[in-house]
Amino acid sequence: MSTTQTIPPYPMVKALGGFRSFLQKLHRRLFPGSVALYEQVQSLWLLQPLYIAAELDIAGYLKEKPMSVEELAAQTGSRPEALYRVLRALASEGIFTELQGRKFRLNSASMALLEGNGSIRNVIIHHLGPVNWSANGNLLYTVKTGENAFKGLYGMDIYPYLQEHPENMQRFERSMSELSELALYPVLSRYDFSECKIVADIGGGVGFLLSKILEKYPLLTGRLFELPENAEKAAEYFKWCGLNLRMNFVPGSFLEPFSLEADIYLMKNVLHNWDDDRCINILENLKVSMVKDAKLLILEMIVPGPGVASYAKMVDIQMLSTMPGGKERTAAEFTTLLRKSGFRLRRIIPTIAPLSILEAASE
């Protein structure tokens, strides 16, 4: 997928999103509350079939040609009748296409389950798989106790758990990379990096976002600030994408003061993992590094006002159940965090993705 990928303009997407929201509200108001709620509950029965299709890599088997459910069952070690009912339900919602003779083929929606560019297969497996599914099923524990549901179920927070379960950690990392790709092109289409020389990505994983910025802007140099244990994976990725001469790995933790010079600092989905006090600490540690006129770009979802439908409000439930103190924030909450840590919010740039770009500078 190219960084020059054509995407719809923001005003068009915003207008269509508003019209869609209006139609959904109108539809629900036409029926009694019990009917409208029951209709929403039915999405529950779509989620596990979606997980099963992703876990069994059904899309991968259908990549070359349509297949019968008997063929798919043989390939995946499944029972044909049960698998058919799962795929039939998905096809009824536009995920896969059911043909005559209990055959299925890919369509535009199910192609997102194929590994590679544009995939969200690992996102689905991570979020709908047994570990995360069970944690979200324990959400009442959080509401009653104030403690995160994940720890209440597994006896530890999510990151220590992932470190003890490498397979889950690998799936988590892949899902984060897929989500980064989803947000990448909307971000690149809305922000101009041409006037800077050095971009630093704080807590940027293996450097996926940073690499795509450097691909679009060939005169830029990138610095990836991450925990030392990520150095080997990052070096492999730098070499794989042919940017090892323009990307440098800087080991360290943003929970401690650090030194790193750049013109623009990126923080993508970092602050939503932490409570307010930790966020202020992270931002203060970064501020020590920043030179005069440097900018901070925070890439996060912004929670809108009361009654406004929002993806951020839904993801916030995930944060509530799994991250101790983590949450999605309103624009006012971000402004307060920045002010308390010595920054000034200069502007908020919305994108067609759920993420917005918050541009800040040191006071």
Rounded to the nearest 10 Å², the accessible area of HIS127 at probe 1.4 Å: 50
Extension reserve of the PHE19-TYR311 stretch, reckoned as 0.36 nm per residue once the Cα distance is removed: 103.5 nm
Cα gyration tensor category, rounded, prolate or oblate, for region 6-52 with a/c compared to 1.5: oblate
Extended-chain gain in nm, criterion 0.36 nm per residue less alpha-carbon gap, LYS239 and ARG344: 34.1 nm
For ARG246, residues with placed amide H under 5 Å, excluding near neighbours: none
Percentage relative contact order, region 235-346, counting C-alpha pairs under 8 Å, at least six apart: 28
Chain lengthening between TYR159 and TYR38 when straightened (0.36 nm per residue, less Cα-Cα): 40.0 nm
Point-charge dipole on Cβ atoms (K/R +1, D/E -1) for the chain, about Cα centre, debye to 20: 1140
Region 286-363, dipole about Cα centre (Lys/Arg Cβ +1, Asp/Glu Cβ -1), debye to the nearest 20: 260
Furthest towards positive pole of dipole, ASN230, SER259, GLY137, structure part the chain, Cβ charges: GLY137
GluC sites (Glu not before Pro) lying in DSSP loop within region 94-182, provided at most 11 other Cβ fall within 10 Å: GLU147
The chain - percent of accessible surface contributed by carbon and sulfur, probe 1.4 Å: 56
Sites ASP276 and MET12, calculated FRET efficiency, Cβ-Cβ separation with R0 41 Å, nearest 0.05: 0.70
Trypsin sites (Lys or Arg not before Pro) restricted to DSSP loop in region 277-363 with at most 14 other C-beta within 10 Å: LYS292
Shape category assigned to region 1-118 from the gyration tensor of Cα positions, a/c cut at 1.5: oblate
Unit charges on C-beta of K, R, D, E only; dipole of region 70-170, Debye: 320
0 to 90° range, to nearest 10: angle between helix 231-240 axis and the chain longest Cα axis: 80
Percent antiparallel among DSSP beta bridges (both partners in the chain, rounded to 5): 50
Accessible surface, region 42-166, averaged per residue in Å² (probe 1.4 Å): 54
Alpha carbon centroid spacing (whole Å) that separates region 36-89 from region 310-360: 35
Average accessible surface area per residue within region 256-356, 1.4 Å rolling probe, Å²: 45
Length-normalised contact order of region 1-144 in % [C-alpha pairs under 8 Å, at least 6 apart]: 22
Restricting region 17-92 to trypsin sites (Lys or Arg not before Pro) in coil, as DSSP defines it, with at most 16 other Cβ within 10 Å: LYS63
Pairwise FRET efficiency - GLU256 versus TRP45, Cβ, R0 = 56 Å, nearest 0.05: 0.75
Net +/- balance of residues flanking ASP263 in space, Cβ distance below 14 Å, scoring K and R +1, D and E -1: -2
Gyration tensor verdict on the chain (Cα atoms; rounded if a/c is under 1.5, prolate if a/b is larger than b/c, oblate otherwise): prolate
Amide H contacts of LEU266 (H built 1.01 Å from N, under 5 Å, at least 5 apart or other chain): ALA200, ASP201, ILE202, LEU297
³J(HN,Hα), Karplus 6.51/-1.76/1.60, whole Hz, each residue of region 37-49, x for Gly, Pro: 5, 5, 4, 5, 4, 4, 4, 3, 7, 8, 5, 5, x
Top positive-direction residue, dipole computed over region 156-207 with Cβ charges, set TYR191, GLY207, MET156: TYR191
ARG329 long-range amide H proximity, modeled H, under 5 Å: VAL303
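The values are calculated or read from the model by the stated rules, or taken from the named source; none is laboratory data. Just so it is clear, the model here is predicted, and its values are computed rather than measured. Cβ atoms come from the backbone with ideal geometry, glycine included; neighbour counts cover every protein chain shown. Side chains are part of the model used for accessible areas, which takes the heavy atoms of the whole protein and leaves out ligands, DNA and RNA. Shrake-Rupley method; radii C 1.70, N 1.55, O 1.52, S 1.80 Å.
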